[in-house]
Amino acid sequence: MSTFDLVIRGGEIVTAADRFRADIGVRDGRIAAVADRLEKGAREIDASGLLVMPGGIDSHVHLAQPAFGGPKMADGFETGTRSAIAGGNTTLLPFALQPRGASLRASVNEYHKQADGQSYCDYGFHLIVTDPTPSVLGQELPALVADGYSSFKVFMTYDAMVLNDRQLLEVFECARGCGALVMVHCEGYDAIKFMTERLEAAGKMAPYYHALSRPQVVEREAAHRAISHGELLDTPIMIVHVSGREAMEQIRWAQQRGLKVYGETCTQYVSLTADDLKGLNMDETGSKYVCSPPPRDRASWEAIWEGIRTGVFQTFSSDHCPFYYEGDEGKLNPKARTGFRWVPNGIPGVEARLPILFDRGVNQGRITINEFVALTSTNHAKMYGLYPRKGSIGVGFDADIVLWDPNRRETIRQEIMHHGSDYTPYEGMSVTGWPVVTILRGKVVAEEGRIVGQMGDGQFLQRDLSPYAKPAGRTFLP
Ligand code: DUC
Ligand code: ZN
Ligand code: ZN
């Protein structure tokens, strides 16, 4: 009998720190050996010519969410996690959203019902707090954090989710008390509402005006406010989906002052621009690209690369928030055709994240291959309490691995995607570098674009507290 259930042989292993040639031996779903030459396994995979990296961890995806007051999402757990594994990912962290007036625990239980037995990859949940009542803050959140839901997201905009400054402070205080990391959506509610009304009064209703309703200054102001609230209460925060220079510089400023402020950016902010929202002729096709914050311009791409290169951003996510384009549930639903304010905000992208970052980042010399692994896997595990179980290749880690062909050229197209949406915003983009085999805890789950795993392979992950959520110890509180 063989010592190993699986041996991945002859590939070039890449972690956030190293790159070396070795075999990997897997036993009971975990990496049991990494060595120059291992004995034969019960199953063997020849990885020669391929890079062997930790499976992607995408810590910012929305699945099955009753989203933003808009239509039904295009992905539940089945199609969203299917798309994830086809794109080289092995863990997702979607959100469990608390509808106002509801208990968070009940909301979490609902998401579990949708995910249990229906997931192709492992998953945990961040908690979206929309209604921080005394019982949510005093009982529900601390108990949920203790149960392994160790991060929250709060919104500074959207009618159905916005928290005012007082509520933000209360959630930050609660997070500090229970050791949770707070992700903040930084866009200012009143400024957006004001701009939207002015644009509408001027007859500017097309999807493109979504971008003009929330320019970078709106994101920058909110980022500064969130940073200040975090500083006041000594609460570490992660500013998510940063779109350009203005918010990036706020985070850098905070980091240079020694504050525990972290940054996330996403695929769309280095590959799409606001001009995409113009569609063919200022028409509704631009709604395919409507997301928040909106993609900016090419100068913003360079600002984002600068933030990546200089360590302002720890994580690179997809912010996969999938809607259909056609049909009554789509971005083109009858109400959405009447004005940009009704177009659901969000785009699919979990499957395209790794290839686009590899092509634009590694191939074009902007980041190293080790930084690629850190930005797409290791740092997500570290920030969100999954390390050292997930996020690297070493003895004892879960055998979550992607075999990557660095020379494979592909064109991203809807017909090869595995998500539920009827379009991809990255249609026609050529990339070099593609996931060829995805392995989840030692089991091959995707191979050459085919799904070979089963729905239900994915397990719920109870997460530890993030070491990055530890307060710095310099509060203004009495
Ligand atoms: N915020 C997100 O995090 N995702 C999509 C849309 C949004 O506003
Ligand atoms: Zn957001
Ligand atoms: Zn999001």
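Overview of results
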quantity: Residues whose placed amide H lies under 5 Å from that of GLY279, excluding near-sequence neighbours; calculated: GLY286
quantity: Pair ALA299, GLU197: separation of 7 Å Cα→Cβ label points (nm); calculated: 3.0
quantity: Stretch gain in nm, segment ARG309-ALA102, where the contour uses 0.36 nm per residue and the Cα spacing is subtracted; calculated: 70.4 nm
quantity: Reciprocal mean inverse distance between Cα atoms of region 16-58 - Kirkwood radius, Å; calculated: 11.9
quantity: Ellipticity estimate at 222 nm from DSSP helix runs (n ≥ 4, -39,500 (n - 2.57)) divided over the chain, nearest 500; calculated: -7000 deg cm²/dmol
quantity: Surface share of carbon and sulfur [accessible, 1.4 angstrom probe, percent] for region 384-449; calculated: 45
quantity: Cβ-based net charge around VAL395, under 12 Å, with every Lys or Arg adding one and every Asp or Glu removing one; calculated: +1
quantity: FRET efficiency estimate (nearest 0.05) - Cβ-Cβ, ASN164 to ASP328, R0 45 angstrom; calculated: 0.85
quantity: Residues in region 212-242 reached by a label modelled at LEU477 [backbone nitrogen below 12 Å; 7 Å Cα→Cβ]; calculated: 232-236
quantity: Principal axis box of region 330-478, alpha-carbon based, largest edge first, Å; calculated: 52, 46, 38
quantity: With Cα atoms, 0 to 90° folded angle of helix 216-233 axis to the chain main axis; calculated: 80
quantity: Degrees separating the helix 165-178 axis from the principal Cα axis of the chain, which is the longest one; calculated: 30
quantity: Nearest 10 degrees, 0 to 90: helix 298-309 Cα axis against the chain principal axis; calculated: 50
quantity: Accessible area of region 286-343 belonging to carbon and sulfur atoms, whole % at 1.4 Å probe; calculated: 46
quantity: Convex hull volume per residue for region 1-81, taking Cα atoms only, in Å³; calculated: 133
quantity: Within the chain, longest stretch clear of exposed GluC sites (Glu not before Pro) (DSSP loop, no more than 16 other Cβ within 10 Å); calculated: 40-325
quantity: Ratio Rg/Rh [Cα only; Rh per Kirkwood] for region 190-299; calculated: 1.04
quantity: The chain: relative contact order as a whole-number percent, Cα under 8 Å and 6+ apart; calculated: 22
quantity: Alpha carbon Rg of region 64-156, scaled by the compact-globule rule 2.2 N^0.38 Å; calculated: 1.10
quantity: Additional length obtainable on full extension of the chain from GLN139 to LYS470, 0.36 nm per residue less Cα span; calculated: 117.1 nm
quantity: Largest-first ellipsoid semi-axes for region 413-455, taking √(5λ) over the Cα gyration tensor eigenvalues, angstrom; calculated: 22, 14, 7
quantity: Gyration tensor (alpha-carbon) shape descriptor, the chain, a/c threshold 1.5; calculated: prolate
quantity: Restricting region 33-73 to trypsin sites (Lys or Arg not before Pro) in coil, as DSSP defines it, with at most 14 other Cβ within 10 Å; calculated: ARG37, LYS40
quantity: Portion, in percent, of the accessible area of region 1-104 that falls on carbon or sulfur, probe 1.4 Å; calculated: 48
quantity: Listed pairs LYS193/LYS278; LYS72/LYS278; LYS335/LYS382; LYS193/LYS260; LYS382/LYS443; LYS40/LYS113 exceeding 32 Å between Cα atoms; calculated: LYS335/LYS382; LYS40/LYS113
quantity: Per residue accessible area of the chain, 1.4 Å probe, in Å²; calculated: 36
quantity: Region 31-163, relative contact order [Cα under 8 Å, separation at least 6], %; calculated: 22
quantity: DSSP beta bridges in the chain [antiparallel fraction, %, rounded to 5]; calculated: 45
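The values are calculated or read from the model by the stated rules, or taken from the named source; none is laboratory data. Everything quoted here is computed from the prediction, not taken from an experiment. Every residue, glycine among them, receives a Cβ derived from its backbone with ideal geometry; neighbour counts consider all protein chains shown. SASA here: full protein model, heavy atoms, side chains in, ligands and nucleic acids out. Shrake-Rupley method; radii C 1.70, N 1.55, O 1.52, S 1.80 Å.
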